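Presented below is the structure to which this report refers.
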Amino acid sequence: MAQIIDGKKISQEIKDELKEKVAAYKEKGYEITLAVIQVGNNPASTVYVGNKKKACEYVGIRSLAYELDENITEQELLDLINELNDRDDVNGILVQLPLPKHISEKKVIETINPKKDVDGFHPMNVGALSIGDEGFISCTPYGIIELLKRSDIDIKGKECVVVGRSNIVGKPISMLLIRENGTVTVTHSATRDLKEVTKRADILVAAIGKPRFINADYVKEGVVVIDVGINRDENNKLCGDVDFESVEPLASAITPVPGGVGPMTIAMLMTNCVEAAEKYMIK
Ligand code: GUN
């Protein structure tokens, strides 16, 4: 029987720890603020943004919500970001992605002051991560490391195999696993004999975006499985990139979907907001 890594419980613990910290800062007169910008009304984005605002409220972080019209110009959005960059009372800036086609995500991300980039998407922060410098770590990979640490799973010396090389999960989690002294292999759509590679894994991170892609044929006994996927199967049921039913009996630990990596992303966003305030505001 595998240990089921309970992301809901661990994310709650993190939010409770932050809540205490934030309350103590408030007593000293510091208010931590996150600006959340949504452009248009993509229904999935509205849900994500709503959950981020709720988490802020729970932890005690002030959230400034900017709900902008779909037709706002790129320059108007950049002007707003620059205004928030200049405000001393704003610690974090988050622009929910995706953006409408006429706005360059690259330009938007690069306009956010790296010191307020709590998503960890700015090239300065991505670069800092890859050379082992301090900077903001993007929330999902940061959440994966925290899940492993808080489940007492050692990374040092382990064979870590990452399936997927996206900028928001595959690449940064690979960098973080290296930083934690894992031996890391990154696989992708052009990898030959994928099953042979994934079977070497002591820790397997699945970030592919294909429902139940990783089944029992891809893993060895005792593997720790981190499932980053959020997919809908043919019956519209939520499922991960891992076929939980067939992999769980072989695994020593595994994250479920939902309730594994998902809830960690927002907990780590809150962590980054507090870190932003601690680094650049709180004396
Ligand atoms: N869209 C989907 N996930 C994310 C995220 O983590 N941050 C932002 N800004 N947009 C997203």
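A few notes on this one:
- Estimated 222 nm signal from helices in the chain, with DSSP H stretches of n ≥ 4 weighted -39500 (n - 2.57), rounded to 500: -12500 deg cm²/dmol
- Links that overshoot a 26 Å alpha carbon limit, given the list Lys158/Lys279; Lys8/Lys171; Lys9/Lys53; Lys15/Lys199: Lys158/Lys279; Lys15/Lys199
- Neighbour counts of C-beta atoms inside 10 Å place Leu68, Leu84 in the sequence Leu68, Leu84, starting with the fewest.
- In degrees, nearest ten, helix 74-86 long axis to first principal axis of the chain (Cα): 80 degrees
- Segments 169-179, 261-271 sorted - mean Cβ within 10 Å per residue, highest first: 261-271, 169-179
- Gained length - Asp133 relative to Asp86, 0.36 nm times residue gap less alpha-carbon distance: 14.5 nm
- Added length on full extension, which subtracts the Cα-Cα distance from 0.36 nm per residue, Thr183 to Tyr58: 41.2 nm
- Radius of gyration over Kirkwood radius for the chain, both on Cα atoms: the Rg/Rh ratio is 0.98.
- Burial ordering of Glu13, Glu20, fewest other beta-carbon atoms within 10 Å first: Glu20, Glu13
- Inter-centroid distance (Cα atoms) of region 233-283 relative to region 147-211, Å: 15 Å
- In terms of its alpha-carbon gyration tensor, region 1-114 comes out oblate; a/c meets the 1.5 threshold, while b/c is at least as large as a/b.
- Whether region 52-92 is rounded, prolate or oblate, judged on the alpha carbon gyration tensor where a/c under 1.5 counts as rounded: oblate
- Summarising the label geometry, the points placed 7 Å from Cα in the beta-carbon direction at Ala65 and Asn41 lie 1.2 nm from one another.
- Qualifying GluC sites (Glu not before Pro) in region 190-242, DSSP loop, other Cβ atoms within 10 Å at most 15: Glu221, Glu234
- For the pair Glu20 and Lys210 in one chain, pulling the backbone fully straight at 0.36 nm per residue adds 64.5 nm over the alpha carbon distance.
- Taking only Cα atoms of region 149-207, radius of gyration then Dmax in Å: 11.0, 34
Read-outs: derived from the displayed coordinates by stated rules, not from any lab. Predicted model only: the values in this text are computed from it and were never measured. Neighbour counts run over all protein chains shown; Cβ positions are idealised from the backbone, glycine included.
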